[in-house]
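Visitor: Structure in structure tokens, see below.
Read-outs throughout are calculated quantities, based only on the coordinates presented, and are distinct from any laboratory measurement. It should be emphasised that the depicted structure is a prediction, and the values quoted were computed from it without experimental measurement. Cβ: placed from backbone, ideal geometry, glycine included. Neighbour counts: every protein chain shown.
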Amino acid sequence: MKTILLGVSGSISAYKAADITSRLTKLGYQVEVIMTVNSTKFITPLTLQALSKKPVHTEVMEELYPEQINHIELAKRADLFLVAPASANIIGKLANGIADDMLSTVAMALKEEVPKLIAPAMNTYMYQNPIMQKNLTTLKDVGYQEIEPREALLACGDFGRGALAEVDVIVNEANRILSHS
């Protein structure tokens, strides 16, 4: 059984991680969810644990098994690393090698050959910001693939590009990549 590490970062779209987790699990993948602290304000770890049937990881220093370093073991098990939703904050951390939470620390420990997908979700102006675009380019230069956000009416009331890609698009892309590996 292939393992998907699903990173959930602090975006209003974090609630869609429940549907992503459910659909990937039903396709036969083992889904290990890694949440940032900010994402837990939008959706509880318990929800994602119930859907994945696996413990949800939120803290770097929380070691479930003393004989293992949790973030290293998670990274070793990964057949695919998917961050959906990917906030501006987590994209900036990943692009700049900052490893100060469980999600960014696991990302730093991934083997180069592990496929990496990011699905940004944020305000249009944040997404269009030149620094954000530079961070996305940096990630693409090191092997990340972007599942581009869509245009929609955003939670803030603005209309534009920044809404998380449809769940079907995200799940289909993950399945496509794993079907060819």
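Visitor: Hey, quick one: spin label on residue 158, modelled 7 Å out along Cα-Cβ, who in segment 1-38 has an amide N within reach, i.e. under 16 Å?
Guide: 11-13
Visitor: Also, quick follow-up: Percent antiparallel among DSSP beta bridges with both residues in the chain, to the nearest 5?
Guide: 20
Visitor: Quote the convex hull volume per residue of segment 84-167, based on C-alpha atoms, as a whole number of Å³.
Guide: 90
Visitor: Once you put a point 7 Å from the Cα of residue 129 and another 7 Å from the Cα of residue 41, both along the Cβ direction, what distance in nm separates them?
Guide: So the label points at residue 129 and residue 41 sit 1.5 nm apart.
Visitor: Continuing with the same structure: Identify all aspartates and glutamates with a Cα-Cα distance to residue 111 below 17 Å; exclude those on the same chain that are fewer than 8 residues away in sequence.
Guide: Cα-Cα hits under 17 Å: 32, 73, 79, 141.
Visitor: With viscosity set to 1.306 mPa s and temperature to 10 °C, compute the Stokes-Einstein D of segment 46-89, Rh being the Kirkwood radius across alpha carbon pairs; µm²/s, no decimals.
Guide: Using the Kirkwood radius from Cα pairs, D works out to 129 µm²/s.
Visitor: Follow-up question, since we're still on this one. Which entry is the computed mean projected area of the Cα convex hull in nm² for this structure: (1) 12.3; (2) 32.5; (3) 9.5?
Guide: (3)
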